[in-house]
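Visitor: Questions regarding the structure given below will be posed in turn.
The values are calculated or read from the model by the stated rules, or taken from the named source; none is laboratory data. Bear in mind that the values here come from a model prediction, so they are computed numbers and not experimental data. Here the Cβ positions follow ideal geometry from the backbone for every residue, glycine too, while neighbour counts run over all protein chains shown.
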Amino acid sequence: MSRLDELEVFVRIVDTGSLSGAARALGVSKAHVSKRLAALEDRLGARLLQRTTRKVSLTDAGRSFYDRAGTILRDLEEAERAVVSLQSAPRGLLRMSVPMSFGQRYVLPLALEFMRRHPELAVEISFSDRRVNLVEEGYDLAVRVGTLGDADVVRRRIAPTRNFLCATPAYLDAHGTPRTLADLRSHPCLLYVFESEVGVWRLQGADGEEAVRLSGPLLTNYGEAILDAVRLGLGVALLPDFYVAEDLRSGRLAAFLTGATDSGERGIWALYPHHRHLSAKVRLFVDLLAERLGPRPPWADCLEPAQRVVESATARSAASQ
């Protein structure tokens, strides 16, 4: 503690420009300040300040030491604020960007519950699949589904997810079940419009991930519209498990080429800007997302029997070839 005391005394002398100014700022005597500065210089074996009757000035050694000492004290103050922040209740405005359909189904109910728990908190939610710049656009938090690039943000994987290639059984009976990625090009594909990758499905082929470019009768940026269309037998679709788990379990939809959609990098992600410590509102809401959505997400109860249906159908298809 005496070394921290010496650092604070030294930094205060430099900041105030005098020993007496440092003494007033710290609420101690000028003699105490002078004694702590002398002890610091003796321990370092270097003169840090040039002192006259009017002012003090930094030596070269003092300038180098001041920069580092200031950083240490600021880090200590920030660490103390972080502990205080952990104990405080969420308040103020929580701005978040969430995917359109997933956000409506799963994030919005949790956000409303979070508001009810913390009446001093207001929430602003933007429903969009657009990748926002958290810092430039002033968001505290974003929730994203799928794979992520090397964005300069903190990421936390909230829950697992995977995609399924699917269609109705009646459609597959009438048009045949695709056996290879190339076969998809002969089927009407119901396509999700995402920024520049219109009509591109990233799937696992024989040589790793392939970007398969397709066309079809429906292009939309709304996942629910694709789900409605595939249920009507209008073609094949690539949809995440939280959309189709119940349809696969019930047999309303059938999955195919299941090995093509496996990816260990997919997930439900919470993203937030780099900070030395999180505000209580972000930290606690991300914790709530992780508690309710993972590691066993709400759709898992449907997905597990659905997976057995898919595996059984895949085995029957392989046996018939």
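Visitor: Out of all the residues in segment 1-50, which are under 17 Å from E77 (Cβ atoms) and in contact with a strand residue (DSSP E or B) (Cβ under 7 Å, 6 or more places away or on another chain)?
Guide: Answer for segment 1-50, where residues must be under 17 Å from E77 (Cβ atoms) and in contact with a strand residue (DSSP E or B) (Cβ under 7 Å, 6 or more places away or on another chain): just V14.
Visitor: Something else now. Given the condition over 30 Å from L257 (Cβ atoms), in contact (Cβ under 8 Å) with a residue 24 or more places away in the chain and among the basic types (K, R), answer yes or no: does some residue in segment 70-93 qualify?
Guide: Yes, segment 70-93 contains a residue that is over 30 Å from L257 (Cβ atoms), in contact (Cβ under 8 Å) with a residue 24 or more places away in the chain and among the basic types (K, R).
Visitor: Can you find, within segment 33-42, the residue that is farthest from V9 (Cα to Cα) among those that are in contact (Cβ under 8 Å) with a residue 12 or more places away in the chain and of a type outside the set (G, A, S)?
Guide: L40
Visitor: So which residues in segment 1-28 are under 20 Å from A61 (Cα atoms) and surrounded by fewer than 16 Cβ atoms within 10 Å (Cβ to Cβ)?
Guide: Within segment 1-28, R3, L4, D5, D15, G17 meet the criteria.
Visitor: A further question follows. Any idea which of (1) at positive phi; (2) touching a residue at least 40 places away in the same chain (Cβ under 8 Å) is the one G45 doesn't satisfy?
Guide: Only one criterion is unmet by G45, namely (2).
Visitor: Just give me the residues in segment 127-150 being farther than 21 Å from P240 by Cα and in a strand (DSSP E or B), in sequence order.
Guide: L141
Visitor: Quick test for you: out of A38, A31, A89, A79, pick the one residue that is exposed (fewer than 14 other Cβ atoms within 10 Å of the Cβ), modelled with pLDDT under 85, of a type outside the set (F, W, Y) and part of a helix (DSSP H, G or I).
Guide: A79 is the lone residue from the list that is exposed (fewer than 14 other Cβ atoms within 10 Å of the Cβ), modelled with pLDDT under 85, of a type outside the set (F, W, Y) and part of a helix (DSSP H, G or I).
Visitor: Restricting attention to segment 218-245, which residues are of a type outside the set (G, A, S), within 18 Å of F127 (Cβ to Cβ) and in contact with a helix residue (DSSP H, G or I) (Cβ under 7 Å, 6 or more places away or on another chain)?
Guide: Residues satisfying the conditions are T220, Y222, E224, L227, F242, Y243.
Visitor: Name the residue that is modelled with the lowest pLDDT, counting only residues in segment 157-214 that are assigned to a loop (DSSP other than H, G, I, E, B) and small (G, A, S).
Guide: S196
Visitor: From the list D140, D173, D152, exactly one residue is over 18 Å from the mean Cα position of the chain (by Cα) and among the charged types (D, E, K, R). Which is it?
Guide: D173
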